[in-house]
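The values are calculated or read from the model by the stated rules, or taken from the named source; none is laboratory data. The shown structure was predicted, so the numbers you read here are calculated from the model rather than taken from an experiment. Neighbour counts run over all protein chains shown; Cβ positions are idealised from the backbone, glycine included. All accessible areas refer to the heavy atoms of the entire protein, side chains included, with ligands and DNA or RNA removed. Shrake-Rupley method; radii C 1.70, N 1.55, O 1.52, S 1.80 Å.
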Amino acid sequence: MTDQSKISAQDLSIFYGANRAVKNVSMEIRENRVTALIGPSGCGKSTFLRALNRMNDIIPSVRAEGRVFLDGQDIYAPRVDVIDVRRRVGMVFQKSNPFPKSIFENVAYGLRINGVRSRKVIEQQVEKSLRGAALWDEVKDRLQTSALAMSGGQQQRLCIARALAIEPEVLLMDEPASALDPIATQKIEELIHDLKRDYTIVIVTHNMQQAARVSDFTGFFLMGELIEVDETGTIFTKPTRKQTEDYITGRFG
Amino acid sequence: MEKKPGSPVRLFSTYARSSTRRVRLMDGIAGKGTMAAGLLIVALLVLLLNEMFRLSLPAICHFGIGFFTSSDWDPQGERFGVLPFLYGTLVSSAIALVIAIPFGIGTALFLTELAPQRLRGAVAFVVDMLAAIPSVVYGLWGVFVLAPLMQSHVGPFLEKTLGFLPLFRGPFYGGVSMLTAGLILAVMVVPFIVAIAREVLLTVPVDLKAASYALGATQWETIWKVVLPYSRVGIGGGVVLALGRALGETMAVTMVIGNQPRINASILQPGYSMAAVLANEFNEASSKLYLSVLVEVGLTLFLVTFLINIAARVLLWRMRSVHPH
């Protein structure tokens, strides 16, 4: 197994207007590994995550400084196509957000907007993506029904399938299980475990047990700074920094 | 109040007013009063309909169904058919919607999705102001600006390029035409479409747009495939409101439609609308039958507006039940 760097953030700062939400963060995201970002609310971990596929661009007041390399290419460089970045770095959100369309059309959306016209290709890819998100067996007989009629856990797995359909290299997950019950959460976690064979995954979570269960690496954020990043086992057993230890032992946050 | 040492100070219980008889009486009056206001509106509508029906009864008895199939309008010879006016009302409103819908939705999209934050409020204010201009002012603008322009440029241009269609044939009559009326109406109803479409577009969840962007969609694709489908029922409601306004608009239409009770295939030629004929001829209605006929025209206008509103609402309701948004 190579532990190659897939994404490399260097001296990244992100501003909401004048307020600096992420402060000079440098971090390596390793290929085919799950990296968890933990920290108390408002510590900048979600903002940092959204910087990795330039989703912060859609909020007018947000500005980024520093560099983020994806396979060695700076995604904030002037001539980079943000559409291309987002196709390569997919995203799953905290609140499941299926489109008010059928299950099939939700998964097909990314294919259609990226120019796939062949009905056969779309059908194959929808099936493959739903299988990839461990949802196929539950929905294969009702692909044309509204996605909004599904349970919360199924909706979130549909959103994962939707992201997988355009074959991204990296999958960003922003607290993907925070609104789900324990059973649905367990399914998502098992899914993350299966997905890391093919994808590089970055997951934001406020649930430390979850970070410990699913991730290979863990970064701890506090007030916009990356305090410490290391292998998950190390972070949770013998962290170097006092703040990390205080947080994981539940002294604050 | 006596206060034992150590007992908590209970400010609310001390100062809150108990529900007095006066308060309960006010509640009762408010409830009954609002109900009365609501019932009064319904009663007015019923009375109005009843009165119009009573006054138009002589005409209904005299002409029967022929009133709706004849296109004769000859007050001297006492021959009356509502068809040219029905046609003029429907066609001028249709022209107005065809022009106003893309403009209105486009403006609303610009104001909610594309315009710089600082510009949004200012442009929205100007668009709202359009709705506050009295219709007679629009009419004057139509007579002095729009009609000459239609006569000198727009009409000849349309005839030259699209004249092979019966829809765009001359001759012109000083620029007053069905198309001129439709254009004026379009300007008048655009603010309604913009105002409602804007409200609806603002309710599209940011989450859905984010999901679309995260899949590599452009802003245009996101608007076309997520924002508009989500908003179409609400925007449809705005269009219905605009249509209602266009069907009933009197003054501006009267001033530019040409007031010729004829059915012309060409929209470059004059027409007449139900509201316009009422405004023009009510003072001249010399005979009882003539007056009764005009009331029946009014009743027809009312029913057409009513039916179109019902149909549109049913359509929207069915759209909503198929797809919640």
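Within the range B:293-308, restricting attention to residues that are among the hydrophobic types (A, V, I, L, M, F, W, C) and under 19 Å from B:SER70 (Cα atoms), the residue that is most open to solvent (accessible area, probe 1.4 Å) is B:LEU303. Of all residues in the range B:233-284, those satisfying the criterion of being touching a strand residue (DSSP E or B) at 6+ places or on another chain (Cβ under 9 Å) and of a type outside the set (D, E, K, R) are B:ILE257, B:GLY258, B:ASN259, B:GLN260, B:PRO261, B:ILE263, B:ASN264, B:GLN269, B:PRO270, B:GLY271, B:TYR272, B:VAL277.
Restricting the range A:109-146 to residues that are over 20 Å from the mean Cα position of the chain (by Cα) and among the small types (Gly, Ala, Ser) leaves a set whose member that is nearest to the other protein chains (Cβ to nearest Cβ) is A:SER146.
A count restricted to the range A:44-75 and to residues that are touching a Leu at 6+ places or on another chain (Cβ under 9 Å) and either of a type outside the set (Val, Ile, Thr) or touching a residue at least 40 places away in the same chain (Cβ under 8 Å) (or both) stands at 16. Residue count for the range B:116-135 satisfying the condition of being within 14 Å of chain A (Cβ to nearest Cβ) and among the aliphatic types (A, V, I, L, M): 1.
Only one residue in A:ASP174, A:ASP216 is open to solvent by 10 Å² or more (accessible area, probe 1.4 Å), more than 27 Å from A:ALA64 (Cα to Cα) and in contact with a helix residue (DSSP H, G or I) (Cβ under 9 Å, 6 or more places away or on another chain), so which one is that?
On the way: A:ASP174 fails: more than 27 Å from A:ALA64 (Cα to Cα).
Just a single option satisfies the conditions, and that option is A:ASP216.
Answer with yes or no whether A:GLY153 is touching a residue at least 24 places away in the same chain (Cβ under 8 Å), touching an Asp or Glu at 6+ places or on another chain (Cβ under 8 Å), surrounded by 19 or more Cβ atoms within 10 Å (Cβ to Cβ) and within 30 Å of A:VAL116 (Cβ to Cβ). Steps first, please.
Values: touching a residue at least 24 places away in the same chain (Cβ under 8 Å): yes; touching an Asp or Glu at 6+ places or on another chain (Cβ under 8 Å): yes; surrounded by 19 or more Cβ atoms within 10 Å (Cβ to Cβ): yes; within 30 Å of A:VAL116 (Cβ to Cβ): yes.
For A:GLY153, the condition - touching a residue at least 24 places away in the same chain (Cβ under 8 Å), touching an Asp or Glu at 6+ places or on another chain (Cβ under 8 Å), surrounded by 19 or more Cβ atoms within 10 Å (Cβ to Cβ) and within 30 Å of A:VAL116 (Cβ to Cβ) - is met.
Of all positions in the range A:142-161, at least one carries a residue that is in contact with a His (Cβ under 9 Å, 6 or more places away or on another chain), among the small types (Gly, Ala, Ser) and farther than 27 Å from A:GLY42 by Cα.
Of the residues making up the range B:225-271, those that are open to solvent by less than 20 Å² (accessible area, probe 1.4 Å) and within 14 Å of chain A (Cβ to nearest Cβ) are B:VAL226, B:VAL227, B:SER231, B:VAL233. Name the residue, out of A:ARG79, A:ARG88, that is away from chain B (no Cβ under 14 Å) and either surrounded by fewer than 21 Cβ atoms within 10 Å (Cβ to Cβ) or farther than 14 Å from A:ALA163 by Cα (or both). The match here is A:ARG79. Looking at A:LEU49, A:LEU111, just one residue is crowded, with 16+ Cβ neighbours inside 10 Å, over 30 Å from B:PRO116 (Cα atoms) and aliphatic (A, V, I, L, M), and that residue is A:LEU111.
Residues in the range A:55-72 that are assigned to a strand (DSSP E or B), more than 17 Å from A:ILE29 (Cβ to Cβ) and open to solvent by 70 Å² or more (accessible area, probe 1.4 Å): A:ARG63, A:GLU65.
Only one of A:LEU37, A:LEU12, A:LEU49 is among the aliphatic types (A, V, I, L, M) and assigned to a helix (DSSP H, G or I); which? Show your work before the answer.
Numbers: A:LEU37 fails: assigned to a helix (DSSP H, G or I); A:LEU12 fails: assigned to a helix (DSSP H, G or I).
On inspection, the qualifying residue turns out to be A:LEU49.
Screening the candidates B:THR112, B:THR218, B:THR222 for the property of being hydroxyl-bearing (Ser, Thr, Tyr), over 26 Å from the mean Cα position of the chain (by Cα), open to solvent by less than 40 Å² (accessible area, probe 1.4 Å) and more than 24 Å from B:MET274 (Cα to Cα) yields one hit, B:THR222.
For the range A:197-227, the set of residues classified as within 13 Å of A:LYS45 (Cβ to Cβ), assigned to a strand (DSSP E or B) and not β-branched (Val, Ile, Thr) consists of A:GLY219, A:PHE220, A:PHE221, A:LEU222, A:GLU225, A:LEU226, listed by residue number.
Considering only residues in the range B:192-210 that are closer than 11 Å to A:PHE99 by Cβ and out of contact with any helix residue (DSSP H, G or I) (no Cβ under 7 Å at 6 or more places or on another chain), the one that is nearest to the other protein chains (Cβ to nearest Cβ) turns out to be B:ASP207.
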